[in-house]
Amino acid sequence: MEKIIIEGGARLIGDIAISGSKNSALPIFASTILSQSPNTFHNVPNLRDIATIQKVLANLGIRVTRKKKGVARIDSSGLSGHEAPYDLVKTMRASILVLGPLISRRGKAVVSLPGGCAIGARPVNLHLRGLEALGAKIELKHGYIYAKANGLKGGHIYLDVPTVTGTENLMMAAALAQGKTVIENAAQEPEVEELAVVLNKMGAKISGGGTSLLEIDGVDELGGTEHTIMPDRIEAGTLMVAAGLTQGNLRLMNCPLSSLDAVVNKLQEAGLEIQSDGETVTVVGNNRIRSVDVKTLPYPGFPTDMQAQIMVFMCLARGLSVISETVFENRFIHVSELRRMGADIKVESNSAIVSGVKQLSGAQVMATDLRASASLVLAGLAAEGITEVARVYHLDRGYDQLEKKLVRVGAQIKRIKT
Ligand code: EPU
């Protein structure tokens, strides 16, 4: 087991390069199941979740070669399997992303049903209903999804909620279906848009990527492509908060500012100075944090993946802030840990009412999900004294070398084995 130890109080000053996006790379890796020729991706982040999707693909006979840092060559010519087993899906729910492409390309798929997780029940009913609308026959038994199709056919799908991985799964399934598919109330996240771009580069005919209405004209086959994964907007947002909390001055290189409008607006309202010069963004914090209210929403709203981080910021703001979580039903697991560090937070149904305090104090903490763990690291950077964050593997799922990047800008942070 590893822990991160932080001595709080250091101002963070310097340059940090944002890594490739986890939630973009995962569906893009899954999309290679559809492709007849090798694909090459650049700016692939070095993350535990990427290692997991590679295992899921390897289990299907797909070869992923990582010779150079950040580059992945994926060759699906050996595709022979159609199963994503429980052992892999339980470590990463996003393994469900192979379901759509497998039914489409292989006519069958057996994928373990992801269970609930620390942040909510997270059903996949909309993925399954959408696939049925394209002609798949689906049975659930023994904890697995058994799906079959004798050639998918285009269909009309309305998503009750704009599910991100659901939209991605259905877009990939429809890419090789016969005829036209329309997906209404599709997720508009930039990661969904990027998947549409990559599929189109492989030869798909998808229009409306990044909007709530997707139109997909099925094609007979997809070829290979080369693509650079976009930078991770949540990593960038997390580091902006780090600058704010430490009264720092960070230059974020390769920062995807255009996909961060909702976050940047709130952080500026709270008093952070954020200025952009092309792909470099300078973030300057000061010692007066203003309280702001935040409500998480699907894109382009404020991302649920930044809720825990902005809550830490509000813990040190002047006044009262109300943070409402509307995307997941149980995403406040960081609250009890932040309270142990001196935060004043009350939870009432899906809202957290945060009264700013003058100082947080270092403590031993742990969290059971990725963004909650990131929020504890942020709290540790600002707190007086030493913070020990356990269960670091959650962080490694989604942040590429976080503590190394922070050390370079002056943080007193290290990883130890316990
Ligand atoms: N939902 C349903 N039925 C479904 C699918 C979703 O009711 O069939 C509900 C969920 O329970 C939730 C809401 O719809 O209440 C939105 O969930 P969504 O399906 O959009 O989430 P996801 O696709 O499972 C992705 C990201 C998450 C991110 C959410 C929301 C990936 C690999 N994961 O999850 O990222 O929080 O969208 O933006 O893209 C993270 O990176 O830490 C993370 C959790």
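A single member of 198, 192, 263, 219 is over 21 Å from residue 96 (Cβ atoms), aliphatic (A, V, I, L, M) and either within 22 Å of the chain's Cα centre (by Cα) or at pLDDT below 95 (or both), and it is 263. The residue of the stretch 120-144 that is nearest to the chain's Cα centre (by Cα), among those that are more than 8 Å from the ligand (Cβ to nearest atom) and either within 12 Å of residue 102 (Cα to Cα) or among the β-branched types (Val, Ile, Thr) (or both), is 131.
For the stretch 104-161, name all the residues that are polar (S, T, N, Q) and more than 18 Å from residue 218 (Cβ to Cβ). Within the stretch 104-161, 112, 125 qualify.
If the condition is being open to solvent by less than 10 Å² (accessible area, probe 1.4 Å) and in a loop (DSSP other than H, G, I, E, B), then the stretch 289-331 contributes 292, 317, 325.
Selection over the stretch 145-189 of residues that are within 24 Å of residue 83 (Cβ to Cβ), within 12 Å of the ligand (Cβ to nearest atom) and open to solvent by 20 Å² or more (accessible area, probe 1.4 Å) gives a count of 3. Residue pairs whose Cβ atoms lie under 8 Å apart, sitting 6 or more positions apart in sequence or on different chains, and linking a residue in the stretch 39-59 that is without any contact (Cβ under 8 Å) to a residue 12 or more places away in the chain and more than 14 Å from residue 20 (Cβ to Cβ) to a partner that is more than 15 Å from the ligand (Cβ to nearest atom) and hydrophobic (A, V, I, L, M, F, W, C), are 58/64. Residue 262 meets the stated requirement of being touching a Gly at 6+ places or on another chain (Cβ under 9 Å), over 20 Å from residue 12 (Cβ atoms) and hydrophobic (A, V, I, L, M, F, W, C). Of the numbered conditions (1) open to solvent by less than 30 Å² (accessible area, probe 1.4 Å); (2) assigned to a loop (DSSP other than H, G, I, E, B), residue 286 satisfies every one except a single condition; which is it? That leaves (1) as the condition not met.
Report yes if residue 122 is of a type in the set (Lys, Arg), touching a residue at least 60 places away in the same chain (Cβ under 8 Å) and surrounded by fewer than 21 Cβ atoms within 10 Å (Cβ to Cβ), otherwise no. Taking the combined requirement at face value, the residue satisfies it. Picking from residues in the stretch 351-391 that are within 25 Å of residue 122 (Cα to Cα) and of a type in the set (Val, Ile, Thr), the one that is nearest to the ligand (Cβ to nearest atom) is 368. Taking the criterion of being within 10 Å of the ligand (Cβ to nearest atom) and in a loop (DSSP other than H, G, I, E, B), the residues of the stretch 78-117 that qualify are 92, 114, 116. Residues in the stretch 246-259 include at least one that is more than 23 Å from the chain's Cα centre (by Cα) and open to solvent by less than 20 Å² (accessible area, probe 1.4 Å).
Pairs meeting the criteria (first residue in the stretch 84-108 and closer than 20 Å to residue 174 by Cα and of a type in the set (D, E, K, R), second residue at pLDDT 95 or above and part of a helix (DSSP H, G or I), beta carbons under 6 Å, at least 6 apart or on different chains) are 105/33; 105/34. Considering (1) within 16 Å of the ligand (Cβ to nearest atom); (2) free of Cβ contacts under 8 Å to residues at least 40 places away in the same chain; (3) crowded, with 17+ Cβ neighbours inside 10 Å, the lone condition that residue 62 does not fulfil carries the number (1). Applying the set (1) surrounded by fewer than 24 Cβ atoms within 10 Å (Cβ to Cβ); (2) closer than 19 Å to residue 191 by Cα to residue 81 leaves exactly one unmet item: (2).
For the stretch 226-245, the set of residues classified as among the β-branched types (Val, Ile, Thr) and open to solvent by 20 Å² or more (accessible area, probe 1.4 Å) consists of 228 only.
The values are calculated or read from the model by the stated rules, or taken from the named source; none is laboratory data. A quick note: this is a predicted structure, and the numbers were derived from the prediction, not measured. A quick note on method: Cβ atoms are made from the backbone with ideal geometry, for glycine too, and the neighbour counts reach across all protein chains shown. SASA here: full protein model, heavy atoms, side chains in, ligands and nucleic acids out. Shrake-Rupley method; radii C 1.70, N 1.55, O 1.52, S 1.80 Å.
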